[in-house]
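The values are calculated or read from the model by the stated rules, or taken from the named source; none is laboratory data. Predicted model only: the values in this text are computed from it and were never measured. Backbone-built Cβ (ideal geometry, glycine too); neighbour counts: all protein chains shown.
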Ligand code: FES
Ligand code: MG
């Protein structure tokens, strides 16, 4: 074992002045000199749970079991709070806080006497924020998922968190339910502590964290209230102490192979379109080259195996009982789609952990030769509207395929007039107004929703059609935008367009009525306007002061806007990646 970094604080004979100072205050709540000076690893618990973060709140309970594991292996625990990120509670958007929590955690891990850390992950952005910080500081780190909520039920049907909201909004717009029933329906999807029970961004990122090798095998899918969740918390606490003794660091685990494993697992689980943003960010902070195009070249041909909402029918408890991440990875290993040598936090390889893992319920996790959807990964599009955007093809519905794609078995081109919204408020204001001019041929555009325009990037690109079209049976229109989309949405939107309108990407030049052509075979999206006219529009917009977006409301909004990058490269704080 190398020298523990905490000794620079607590046991440094060369600087007895400071050692005394550091020691005295950590003694004041009852720790002893023996504990602080006898070479016991000091383990942080980066606590993301709080009353403000209900998805992760159960970590307050689980941390007790982590402590017992750490203690049993001879470590000392120092638990500390991480800036809260609650996906559904933070205004204007939780996206704003991922980089803030990252910054705070980097300072904590770097500046305090910690030899290793347990990252308590869960709700969407808590996972990338923690992994990004662990990548930057690169001290031994292991992630512990809080786990999904139990399955939601309403009148005998599974109601999945998030996904039911999109469905209930359509029912409300169509007059099928009233306001009270709307709330009852949505509340039914959240029956217990834990994060979203659908394959939203949380289940996605917790699964990918395990696929990256950063959490114990089989741990991601365990529902929050299950006893197994308590047990794996204890095992995680034990393991981090060993990792410190072995000096097993994030840079040993987060290799390019590990990221490619995660991309393939993302296709097989039907993972969220937020995953490319977050994996790009983690990769940049650990110094791994992971171009956005890798999502298509590595991931597109992988089939969808996991039958979870929104792409399928089941929920988190079913996913766990069917075998969770190891069962999925086991299927991919049989096809040679996993880099088996990738190291994981338990000190073994991904191959050793998952080879031969059986599927326990083939309705929920399909065997590779009977997938739900072939070629289920993302495609990456570009054109004169943006340099890069992603589309989740596994959620393109049969209705959508028939309406827009001349051959429903193939992903080919569609074209139509644009209706453009500037931010979510503009959309909510005008969507149902017939004067907006939306027809079944319309392509809906959302701009001003990127990392700069709507600071942090809002999950607003998946737009429902106007009520008057829903009642005629049009349940989805193509949506394109520079914002994000909730992982719980089943909309086949074209998302994360970079550069965004606020950075003067091509979307800033688009006008309602312009014709736009999207070709999924060639991966292109273009407004059908001559380059010369686009150049004129650009010059006029620059002369008018550029694409307008709302003012910052807080200091952090202003700071982040000044340094944040675009989503195709992770939307990190540019410049932060050089600190490793
Ligand atoms: Fe927190 Fe979905 S809102 S996990
Ligand atoms: Mg989300």
Among (1) touching a residue at least 60 places away in the same chain (Cβ under 8 Å); (2) more than 29 Å from residue 575 (Cα to Cα); (3) crowded, with 23+ Cβ neighbours inside 10 Å, there is one condition residue 317 misses while meeting the rest; what is its number? (3)
Filtered residues of region 102-128 (kept if away from ligand 1 (no atom under 13 Å from the Cβ) and either crowded, with 24+ Cβ neighbours inside 10 Å or at pLDDT below 95 (or both)): 102, 105, 114, 115, 116, 117, 118, 119, 120
Identify the residue in region 152-186 that is over 27 Å from residue 276 (Cα atoms) and within 14 Å of ligand 1 (Cβ to nearest atom) and, among all such residues, is modelled with the highest pLDDT. 152
Checked region 123-170 for anything more than 15 Å from the chain's Cα centre (by Cα) and within 14 Å of ligand 2 (Cβ to nearest atom); matches are 160, 161, 163, 165, 166
Among the residues of region 30-56, count how many are touching a strand residue (DSSP E or B) at 6+ places or on another chain (Cβ under 9 Å), away from ligand 2 (no atom under 16 Å from the Cβ) and either at positive phi or not in a helix (DSSP H, G or I) (or both). 11
Let me spell it out: the conditions are (1) assigned to a loop (DSSP other than H, G, I, E, B); (2) closer than 15 Å to residue 455 by Cα; (3) in contact with a helix residue (DSSP H, G or I) (Cβ under 8 Å, 6 or more places away or on another chain), and residue 551 meets all of them except one. Which number is the exception? (3)
Is there a residue in region 78-88 that is modelled with pLDDT under 95, under 19 Å from the mean Cα position of the chain (by Cα), surrounded by fewer than 23 Cβ atoms within 10 Å (Cβ to Cβ) and within 16 Å of ligand 2 (Cβ to nearest atom)? yes
Can you tell me which residue in region 187-205 is farthest from residue 395 (Cα to Cα), limited to those that are in a loop (DSSP other than H, G, I, E, B) and near ligand 2 (Cβ under 10 Å from one of its atoms)? 196
So, residue 203, is that one under 17 Å from residue 312 (Cα atoms) and either within 10 Å of ligand 1 (Cβ to nearest atom) or free of Cβ contacts under 8 Å to residues at least 40 places away in the same chain (or both) or not? yes
Evaluate the following for residue 558: is it under 30 Å from residue 136 (Cβ atoms), without any contact (Cβ under 8 Å) to a residue 12 or more places away in the chain and in contact with a helix residue (DSSP H, G or I) (Cβ under 6 Å, 6 or more places away or on another chain)? no
Could you check residue 445 against (1) surrounded by 15 or more Cβ atoms within 10 Å (Cβ to Cβ); (2) in a loop (DSSP other than H, G, I, E, B) and say which number it fails? (2)
Considering region 189-200, residues that are modelled with pLDDT of 95 or more and either out of contact with any strand residue (DSSP E or B) (no Cβ under 6 Å at 6 or more places or on another chain) or within 15 Å of residue 144 (Cβ to Cβ) (or both), and then whichever is surrounded by the fewest Cβ atoms within 10 Å (Cβ to Cβ), we arrive at 192
Considering 294, 252, 257, 289, which residue is surrounded by fewer than 22 Cβ atoms within 10 Å (Cβ to Cβ), modelled with pLDDT of 95 or more and within 27 Å of residue 74 (Cα to Cα)? 252
Working carefully through the options 103, 109, 62, find the one that is closer than 25 Å to residue 551 by Cβ, more than 16 Å from ligand 2 (Cβ to nearest atom) and touching a residue at least 40 places away in the same chain (Cβ under 8 Å). 103
Which residues, counting only those in region 38-72, are over 32 Å from the mean Cα position of the chain (by Cα), surrounded by fewer than 16 Cβ atoms within 10 Å (Cβ to Cβ) and modelled with pLDDT of 95 or more? 72
